[in-house]
Amino acid sequence: MYYEVRDKFKEECGVFGIFINNPENRTDAARSTFYGLYALQHRGQESAGIAVSDGEGIQLHKGVGLVSDVFTPEQIDNMEGHIAIGHVRYSTTGESGLVNAQPLVFHYLQGRVALAHNGNLINNKEMRKRLSTYGSIFQTTTDTEIVANLLARYSQDKMEDALAKCMIDLKGAFALVIMTEDTLVGVRDPMGIRPLCLGELNGNYILASESAALDTIGAELVRDVNPGEIVVINKDGVKSKQVVNSPGRAHCVFEYIYFARPDSTIDGITVYRSRRQMGQQLARECRDLDVDLVISVPDSGTAAALGFAEEAGIPFEEGLMKNRYVGRTFIQPTQKMRELGVRLKLNAIAEIVRGKRIVMVDDSIVRGTTSKKIIQMLRLAGATEVHMAVASPPTKYSCYYGIDTSRREELIANIMSIDEIKDFIGADSLHYISMEGMLQSLKQEQPWFCAACFSGIYPVQHED
Ligand code: SF4
């Protein structure tokens, strides 16, 4: 048995799809999807899969592990076709494994169809029950299978019409890429909770969870898929259909805080810039803090720490060094080894921190156990004071929209006051950015974000 060191919210999936106009480029679709998934690896490390269509049939390969574990160059070379979709998945214990790896491929009246999904349907239980009474049989626990079964019910219709009907029943957060033998389709939920964007490369169109995946294959970002929109890509080009009138936008604010790559632009906002601005705002809210040095918890806290240092006029130094080759840490479940788990990932640079009063900037605190160990490490390395500044408000509530949060009772801000958290992690002082400050940093006047894990105000009512 292994124990995973985990003190962050976890993104659950990333999706990618490409339609190559020239069917002669027989392996470009699979290869581009492989690189696209590589760029999205941070969104899921449990399994990876690619489905390819050559216009006559769909070929699928998927497996458990990282993209580089699941695919060899030979496998990619053998995946011939001009349309492809891909998926990386993170899943909670008990739901992992090959059976839930995506894409899923189904036969329906009009041929074969492959689906990959990022997000979470909040009416999953109700839909499973309803579809089961009509005779549907489920093999996986993924929401994707619900979409497939719904699609099958409308299989006399064209794909976009069938999807438009499905959208009436699907409730929650979803970004879907769907491939038939001759068409690629992208769908985004009516509030745009999970991201999905459209790109272009030499007249070929691409769909991806994040624009960084477009950059990786040399494609340009065209635009984000709108909430409630279906984008249909085939040999005639791109067609868009607004199938559900969006009741209002609720883009996941945590994409900007932690999940997304800093080099991505999501819904018109550059992730790196937003993190830096959150750091600046945090510094404005901590005016009285008297320290010598700003350090970050690398890498996710670094952009905010740079913004903090810039605004406060205090030097920034790399006081903690990250082992870039660890990836996910699986260790034996003894207390001693758990402590070692953090040390495997991070180490303090004594020469930088010794004798200094430090403020350490991080993107969020989930359970507080990692922050506590890092602060101990900094004190052992000789820091005289360690203050902590967090570039998001206290995370108190679970997410129902496709993010694996700890259980609500495990979220430290749900069970302790800020003062108690400060004592638990052993900091000299603890500062969180305010909700208003965070939203202002995103430079949007409209309240068009989901921030339910901070506020408990859920944009779509969930079953639980
Ligand atoms: Fe994102 Fe939090 Fe909303 Fe979930 S609850 S979608 S993590 S902002």
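The values are calculated or read from the model by the stated rules, or taken from the named source; none is laboratory data. All values derive from a computational prediction rather than experimental measurement. Heads up, the Cβs are rebuilt from the backbone with ideal geometry, glycines too, and the neighbour counts pull from every protein chain shown. Side chains included, ligands, DNA and RNA excluded: accessible areas come from the protein's heavy atoms. Shrake-Rupley method; radii C 1.70, N 1.55, O 1.52, S 1.80 Å.
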Residue check: is I266 under 25 Å from G437 (Cα atoms) and within 16 Å of the ligand (Cβ to nearest atom)? yes
Cβ contacts < 8 Å: first residue closer than 18 Å to V361 by Cα, restricted to region 236-262; second residue basic (K, R) and part of a helix (DSSP H, G or I), any location; separation 6+ or different chain. Result? Y256/R275; I257/R275; F259/R43; P262/R275
Using the structure shown, decide if D7 is at pLDDT below 95, open to solvent by 10 Å² or more (accessible area, probe 1.4 Å) and assigned to a helix (DSSP H, G or I). no
For region 23-62, which positions are open to solvent by 10 Å² or more (accessible area, probe 1.4 Å) and part of a strand (DSSP E or B)? I58, Q59, L60, H61, K62
Taking the condition within 21 Å of the chain's Cα centre (by Cα) and either over 25 Å from A164 (Cα atoms) or open to solvent by 60 Å² or more (accessible area, probe 1.4 Å) (or both), does A250 pass? no
Residue among R89, R112 that is touching an Asp or Glu at 6+ places or on another chain (Cβ under 7 Å), buried (at least 23 other Cβ atoms within 10 Å of the Cβ) and of a type in the set (K, R): R89
Could you pull out the residue among A208, A173 that is touching a strand residue (DSSP E or B) at 6+ places or on another chain (Cβ under 6 Å), crowded, with 23+ Cβ neighbours inside 10 Å and at pLDDT below 95? A173
In region 268-285, anything surrounded by 22 or more Cβ atoms within 10 Å (Cβ to Cβ) and touching a Pro at 6+ places or on another chain (Cβ under 7 Å) is listed as V271, R275
